[in-house]
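The values are calculated or read from the model by the stated rules, or taken from the named source; none is laboratory data. Since this is a predicted model, take the numbers as computed values, not measurements. Please note: Cβ atoms are built from the backbone with ideal geometry, for glycine as well, and neighbour counts cover all protein chains shown. Heavy atoms of the whole protein, side chains included, go into the accessibility calculation; ligands, DNA and RNA do not. Shrake-Rupley method; radii C 1.70, N 1.55, O 1.52, S 1.80 Å.
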Amino acid sequence: MKKERTLAEPFRIKMVEPLRMTTVEYRKDVLQKAGYNPFLLSSDDVYIDLLTDSGTSAMSDHQWSAMMLGDESYAGAHSWEKLEREVKDLTGMNYVLPTHQGRAAERILYGILGGKDKVFISNTHFDTTRANIEFTGATAIDCMSEESQDPDADLPFKGNMDIEQARESILKYGKENIGAVILTVTNNSSGGQPVSMENTKQVRELCDEFGILFVLDGCRIAENSYFIKHREANFDGKTYRQIAQQMLSLCDAFIMSAKKDALVNMGGLLVLRNELLAQKSTNLLIISEGFATYGGLSGRDMEAMAVGLQEVFDAGYLHYRIKSTEYLGKHLHEKGVPLIRPYGGHAIYIDAKKFYSHIPAHQFPGQALVCDLYEQGGIRCVEVGSVMFGKYDEHGNHVAPKNELVRLAIPRRVYTQSHIDYVIDVFDDIVEMKNQARGLEIVYEPPFLRHFTARFKRL
Ligand SMILES: *Cc1c(COP(=O)(O)O)cnc(C)c1O
């Protein structure tokens with residue numbers, strides 16, 4: 001059989017950013033000094049940084065040259081007009097509000113829709129979404145089927161909302177108390193899993209039935225469109241952009257962290273169909289972010305975003321993006337590393353509970369793997385398990401979350417295929433040494449969001 005060709009980059013490199021190779025001994029030393037928490041490492045000491053795909057994209061020559069055209073006028077800048085045109089064309093919605101990042105758009109919209117006694121329903125609320133909702137006194141409810149939460153269930157659209165659960169919640173709390181239904185695409189907190197167009201239509205129908213606002217949290221809508229085209233019937237002849245446009249035509253509001261699929265390092269959007277809601281939101285935007293034609297952004301940021309929103313739907317780019325993530329997953333799977341499958345769009349998730357099965361949850365198997373990957377390969381990634389979501393009961397005993405995961409998030413257009421091959425090679429050592437892996441103990445933790453600043457020691 002003919003050998004499959006290598007997954008070659010659909011770009012060439014015009015500017016290089018040198019990376020420093022360090023030794024295992026050096027990394028063991030700096031990791032210990034960082035309290036075994038890679039958030040506390042200097043990025044100069046990291047060789048491959050898979051901590052997040054947020055704000056870490058490489059911009060294109062077109063984006064950089066557009067930045068030179070940035071109009072920094074306070075009001076009515078042509079850079080704003082360009083971005084507004086682009087977003088209106090993509091979303092089909094009339095009211096575009098620029099923000100400095102996604103959570104600023106969330107704070108504005110959920111600040112208006114939220115409040116005590118209000119309830120929000122989502123497939124899965126992303127953590128900043130939940131925080132902005134709960135901050136208003138409202139409740140955030142996730143509606144996912146049992147099956148879609150099983151790491152081994154091989155389903156094409158594992159990010160879908162469970163419509164029956166959503167309906168039950170509406171009936172339970174009363175339609176007048178529902179702030180909005182929020183569909184997150186791709187579903188970040190459930191492993192970057194896609195949502196089908198069929199499911200989006202069902203959410204639309206549910207919202208119509210009860211007269212509820214439908215918000216799309218769509219910061220990875222281009223990646224989601226890729227999955228729809230290749231997994232859902234009747235989308236073969238459509239472009240990725242057309243698929244995104246169809247999905248956007250089904251909702252009332254669109255929130256986007258531009259740090260993901262707009263291929264920029266900072267930025268966000270709040271886009272609305274309803275005039276009254278847009279007026280209220282604009283008032284809050286002006287109080288907290290900036291004037292309505294720049295939000296929290298400079299003119300050059302808006303130029304780069306307008307170009308990024310075009311480039312992200314390029315077929316060559318999306319093919320490489322999704323296949324590169326899949327390639328990493330496939331090869332780790334072949335080495336016997338337990339993963340969430342099928343593979344999501346922006347990240348690979350390792351099941352650390354299975355992989356380091358000899359380390360109990362209260363000794364943080366995910367964090368142990370994160371540390372081993374850094375020491376062995378200079379690879380930085382993040383634990384999504386007991387460190388991030390663990391709690392204590394009234395006796396001070398550790399209460400573990402359902403899963404102990406490690407996320408390898410892939411920045412967009414940053415690493416080449418040989419970087420990914422390098423990551424795969426490092427796993428040879430990780431697999432070989434897995435029985436000697438040791439857990440960790442917390443020596444310092446803050447009261448909130450402990451994963452960012454907690455310090456550990458090895459057991
Ligand atoms: C990143 C993200 C956000 C928040 O965006 P920021 O730009 O980080 O503030 C909201 N929702 C989802 C699904 C995200 O992935």
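Of ARG107, ARG85, ARG27, which residue is of a type in the set (Lys, Arg), part of a helix (DSSP H, G or I) and within 16 Å of the ligand (Cβ to nearest atom)?
Details: ARG85 fails: within 16 Å of the ligand (Cβ to nearest atom); ARG27 fails: within 16 Å of the ligand (Cβ to nearest atom).
The unique qualifying residue is ARG107.
Output the residue which, of all residues in the range 30-47 that are within 28 Å of HIS100 (Cβ to Cβ) and among the hydrophobic types (A, V, I, L, M, F, W, C), is nearest to the ligand (Cβ to nearest atom). Steps first, answer last, please.
Just the residues of the range 30-47 that are within 28 Å of HIS100 (Cβ to Cβ), to begin with: 37-44, 46.
Applying the additional criterion that residues be among the hydrophobic types (A, V, I, L, M, F, W, C) yields 39-41, 46.
Details: PHE39: 15, LEU40: 20, LEU41: 20, VAL46: 20 Å.
So, considering only residues that are within 28 Å of HIS100 (Cβ to Cβ) and among the hydrophobic types (A, V, I, L, M, F, W, C), the one nearest to the ligand (Cβ to nearest atom) is PHE39.
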Filter result for LYS82 (open to solvent by 50 Å² or more (accessible area, probe 1.4 Å), in the same structural domain as VAL195 (by TED's automatic domain parsing), in contact (Cβ under 8 Å) with a residue 40 or more places away in the chain and charged (D, E, K, R)): yes
Can you pull out every residue in the range 121-141 that is touching a helix residue (DSSP H, G or I) at 6+ places or on another chain (Cβ under 9 Å) and either of a type in the set (Gly, Ala, Ser) or more than 13 Å from the ligand (Cβ to nearest atom) (or both)? ILE121, SER122, ALA131, PHE135, THR136, ALA138, THR139, ALA140, ILE141
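Please state which one of SER257, SER288, SER281 is closer than 26 Å to GLN63 by Cα and among the small types (Gly, Ala, Ser). So that I can check it myself, show each step before the final result.
On the way: SER288 fails: closer than 26 Å to GLN63 by Cα; SER281 fails: closer than 26 Å to GLN63 by Cα.
Residue meeting the stated conditions: SER257.
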Looking at the range 131-189, which of the residues that are outside any helix (DSSP H, G or I) and among the acidic types (Asp, Glu) is least open to solvent (accessible area, probe 1.4 Å)? ASP162
So in the range 260-299, with the set limited to residues that are of a type in the set (Val, Ile, Thr) and within 16 Å of the ligand (Cβ to nearest atom), which one is surrounded by the most Cβ atoms within 10 Å (Cβ to Cβ)? VAL271
Residues GLY378, GLY396: which one is over 23 Å from THR128 (Cβ atoms) and modelled with pLDDT under 95? GLY396
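Taking the conditions exactly as written (open to solvent by 10 Å² or more (accessible area, probe 1.4 Å) and within 11 Å of the ligand (Cβ to nearest atom)), does SER257 satisfy them or not? Please lay out each step first, then the result.
Working: open to solvent by 10 Å² or more (accessible area, probe 1.4 Å): yes; within 11 Å of the ligand (Cβ to nearest atom): yes.
Judged against the criteria, SER257 is a match.
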Specify the residue that is farthest from GLY366 (Cα to Cα); the eligible residues are those in the range 302-346 that are of a type in the set (Gly, Ala, Ser) and touching a helix residue (DSSP H, G or I) at 6+ places or on another chain (Cβ under 8 Å). ALA306
Conditions (1) surrounded by fewer than 19 Cβ atoms within 10 Å (Cβ to Cβ); (2) touching a residue at least 12 places away in the same chain (Cβ under 8 Å); (3) not aliphatic (A, V, I, L, M) -> ASN234 fails only (2)
